[in-house]
Amino acid sequence: MNLADILYIVVPCYNEESVLGETSARLKIKMQGLIAARRIAPESKVLFVDDGSRDKTWDMIASLHHADSLFSGVKLAGNRGHQNALMAGLMTAKELADVTISMDADLQDDIDCVDRFLDKYADGCDIVYGVRSDRKSDTAFKRGTAQLFYKIMAGLGVNIVYNHADYRLMSKRALEGLARFREVNLFLRGIVPLIGYKTDTVEYERGERFAGESKYPLRKMLSFAWDGVSSFSVRPIRMITVLGFVVFAVSLCLMVYSLIVKLLGHTVPGWSTLMISIWLLGGLQLLALGVIGEYIGKIYGEVKARPQFIIETVLDENSLCH
Ligand code: UDP
Ligand code: MG
């Protein structure tokens, strides 16, 4: 790492007046230590993103900024949700920083990990994921559902880092890669691994929320989880196609069976025709839905217009990109 790299810590905040005082105080000590040790440039900052809070969050951010230029702020025009707020902060920091670290406002993520993040960055990593070593601080329910979620995602073929929330370091070029993902349904944990580059993980123990309440009630958590699945996997559609094939195959067996039963004379009139048509039609309908779904899956891929590749290095004297 260049000794004078500018670090921006990006913190999305929604109605966080009860934690901001403590969070900013602790981050200030951390940043001052890092600046004094010349691990980061003196221009480094903590960037708070106010996600349309209805309490005094923005006033607090503004007074922090006026009191100390270490703190800067971005205010969104309305509440757009955690992922969008984080993206707004990262895209602002992309222009100003060499490296960013995103973390929540509630001090659940261990601030001391920042040093280990920077060590990995110095080793050449462009993305470093903070991974929870345990979930003691979560309720059994949250722990269970979260773990089930990671398993389902893995089963659906989505590449996400196990037990990683949005506590991560990203270099400037990783952010430039991220900026090329134009999708509006943001699920950053799924997108970031698609960027590439050298990555690593750092384990930490996640603590309790310092004050205030979780901004992720069950309803938001479920819709977030569904966003994750539906933004990254077309397997649910593929399942319809598979089911269609199965029902169709069953209908063929059933056809043979009902004809035999009919020939043996064990049926009431109309039974065979009814049985065959119900299964055959059901199977055909599912198959047809599956086929339509496959095309929708293709459209979905095209509409997202994700970058097909991100080039890391080119070895060519005539190229501008090194
Ligand atoms: N957050 C946000 N906008 C929202 C909801 C949450 O910016 O609409 C922020 C919140 O201020 C916090 C982070 O996202 O910094 C994570 O939220 P929280 O800690 O409530 O989630 P939990 O840790 O309970 O999953
Ligand atoms: Mg939290």
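The values are calculated or read from the model by the stated rules, or taken from the named source; none is laboratory data. Quick caveat, the model's predicted, so the values are computed rather than measured. Backbone-built Cβ (ideal geometry, glycine too); neighbour counts: all protein chains shown. Side chains included, ligands, DNA and RNA excluded: accessible areas come from the protein's heavy atoms. Shrake-Rupley method; radii C 1.70, N 1.55, O 1.52, S 1.80 Å.
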Stokes-Einstein D (µm²/s) once Rh is taken as the Kirkwood radius of segment 272-320 over alpha-carbon pairs, at 20 °C in 1.002 mPa s: 142 µm²/s
Cα-centre dipole for segment 94-186 with unit charges at Cβ (Lys and Arg positive, Asp and Glu negative), debye to 20: 480 debye
Chain lengthening between Lys298 and Leu284 when straightened (0.36 nm per residue, less Cα-Cα): 2.9 nm
Unit charges at the beta carbon, dipole of segment 209-315: most positive-side option, Ile299, Phe245, His266: Ile299
Difference of contour (0.36 nm per residue) and Cα-Cα distance, Ser63 to Leu320: 88.2 nm
In nm, spacing of pseudo-spin labels at Arg26 and Leu222 (7 Å Cα→C-beta vector): 3.2 nm
Separation of the Ala249 and Leu274 label points, Cα + 7 Å toward Cβ, nm: 2.8 nm
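Let me check against my output: what whole-number percent is the relative contact order of segment 65-213, with C-alpha pairs under 8 Å and at least 6 apart?
38 percent
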Alpha carbon centroid spacing (whole Å) that separates segment 79-119 from segment 15-59: 10 Å
Over the chain, relative contact order from alpha-carbon pairs under 8 Å, at least 6 apart, %: 17 percent
Check: segment 20-97 dipole with +1 on Lys, Arg Cβ and -1 on Asp, Glu Cβ, in debye: 240 debye
Acute angle (nearest 10 degrees) that the helix 57-67 long axis makes with the longest principal axis of the chain, alpha-carbon atoms: 30 degrees
Cα shape, segment 218-271, gyration tensor, a/c 1.5 rule: prolate
Rounded to 5, the percent of DSSP beta bridges in the chain classed as antiparallel: 30 percent
Choice from Met91, Met31, Met255 showing the highest fluctuation, given a GNM over the chain with Cα pairs closer than 10 Å: Met255
35 Å tail of the calculated P(r), the chain, as % of Cα pairs: 35 percent
Lys/Arg +1, Asp/Glu -1 at C-beta; segment 46-196 dipole; positive extreme among Gly124, Gly73, Met60: Gly124
0 to 90° range, to nearest 10: angle between helix 17-36 axis and the chain longest Cα axis: 60 degrees
Gyration tensor verdict on segment 1-152 (Cα atoms; rounded if a/c is under 1.5, prolate if a/b is larger than b/c, oblate otherwise): oblate
For Glu294, solvent-accessible area (1.4 Å; no DNA, RNA or ligand), Å²: 50 Å²
Between helix 82-96 and the chain: long-axis angle, C-alpha atoms, 0 to 90°, nearest 10: 50 degrees
Mean Cα-pair separation over length for segment 180-311, i.e. relative contact order, pairs under 8 Å, 6 or more apart, %: 39 percent
Principal semi-axes in Å for segment 65-167 [√(5λ), Cα gyration tensor, largest first]: 27, 18, 15
Semi-axes of the equivalent ellipsoid for segment 1-62, Cα gyration tensor, largest first, Å: 26, 12, 7
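Order of 285-292, 187-194 by packing, highest average Cβ count within 10 Å first?
187-194, 285-292
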Segment Val242-Glu208, extension gain: residue separation times 0.36 nm, minus the distance between their alpha carbons: 7.9 nm
Unit charges on C-beta of K, R, D, E only; dipole of the chain, Debye: 1140 debye
FRET efficiency estimate (nearest 0.05) - Cβ-Cβ, Leu259 to Arg180, R0 45 angstrom: 0.15
Cα shape, segment 108-183, gyration tensor, a/c 1.5 rule: oblate
